[in-house]
Amino acid sequence: MIVVPRLSTILLAAVTGVVAVLLYSPLFVPIVSSFFPVARGEVDWSSPTVSTYVALAGNHEILAALRATLVVGLCTVVLAVVSGTLLALYYHGRRAGRSLLQFIVFLPFLTPPIISGLALLIFFREIGLERSLLTVIVGHTVFVLAIVYRTVLTRLQSMSRTLVEASYDLGATKWQTFWRVILPNLSSAMAGGAILAFALSFDETMITILVTGTQTTLPVRLWAMMRLGFSPDINALVALILMFTVLLCALAARFLVPRQIATQRS
């Protein structure tokens, strides 16, 4: 009676380990290749170097693409957090058109990026808006809006209604209740959604390629460099993007874990 559960646990752990290795081991290849010379598939472990990272720091095209990426990401986060929070509040208020609202918000996120990018490209052309960082910001905001919206809405639905009712009973207005009760309870969800939105915007490539103008973001620049073949500076750039994305996801998880669970673990 005891052997079967133990065997199933061991089997599940083994399968999980194999899947994790298959999924994540390729991510270490560019990281290793950025620090150690690789020739004919063999790694020279005796000659570690950071010269590729030093070269990236002096590459003006890479730095310009990084600045454009940060500008796009920050603007996207502000727009997505404000609009996503407002839409979540509207939906939570049980107003008309809730199903249509969710359909509109989630459609760009669930649609393949190439389709969303083409739709945005046609839209910008029809309204006469030239492709630039502005069109990239709009495209990224439409894409990541669903993440912030769903994150904030989930926190709203888990928040006790008695908090709002108690605020009204104490004589607070709707604005005071929102500012002093609802918003503080949503702050961690908004922060987590903002970080996830920034991570998605930072890595987005397909939509950016279709709606960008003369200025390119870092992933698009990396894509252009990869067309000429893989080189040590590409490996270093991929490693930096990977590590930065992992850091953002870990930080977002820190904000999104419910406080009760975090308290129990600590």
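If ALA250 meets every condition in (1) under 13 Å from the mean Cα position of the chain (by Cα); (2) buried (at least 18 other Cβ atoms within 10 Å of the Cβ) apart from one, which number is that one?
(2)
Please tell me if ILE195 is among the aliphatic types (A, V, I, L, M) and open to solvent by 30 Å² or more (accessible area, probe 1.4 Å).
Judged against the criteria, ILE195 is not a match.
What number of residues within region 227-266 satisfy the criterion of being among the β-branched types (Val, Ile, Thr) and at pLDDT 70 or above?
The qualifying residues number 5.
Being surrounded by 12 or more Cβ atoms within 10 Å (Cβ to Cβ) and of a type in the set (Lys, Arg) narrows it down to one residue among ARG67, ARG6; which is it?
Within the list ARG67, ARG6, the selection yields ARG67.
Is it the case that some residue within region 54-62 is touching a helix residue (DSSP H, G or I) at 6+ places or on another chain (Cβ under 7 Å) and either within 17 Å of ALA146 (Cα to Cα) or modelled with pLDDT of 90 or more (or both)?
Checked against the condition, which is being touching a helix residue (DSSP H, G or I) at 6+ places or on another chain (Cβ under 7 Å) and either within 17 Å of ALA146 (Cα to Cα) or modelled with pLDDT of 90 or more (or both), region 54-62 yields no hits at all.
Mind listing whichever residues of region 82-122 are surrounded by 15 or more Cβ atoms within 10 Å (Cβ to Cβ), free of Cβ contacts under 8 Å to residues at least 40 places away in the same chain and over 27 Å from SER187 (Cα atoms)?
ALA119
Scan (1) among the hydroxyl-bearing types (Ser, Thr, Tyr); (2) within 21 Å of the chain's Cα centre (by Cα); (3) open to solvent by less than 60 Å² (accessible area, probe 1.4 Å) for the single condition THR154 breaks and write down its number.
(3)
The values are calculated or read from the model by the stated rules, or taken from the named source; none is laboratory data. Everything numeric in this text was worked out from a predicted model, so none of it was measured. Glycine also receives a Cβ, built like all others from the backbone with ideal geometry; neighbour counts cover every protein chain displayed. Accessible surface areas use protein heavy atoms only, side chains included; no ligands, DNA or RNA. Shrake-Rupley method; radii C 1.70, N 1.55, O 1.52, S 1.80 Å.
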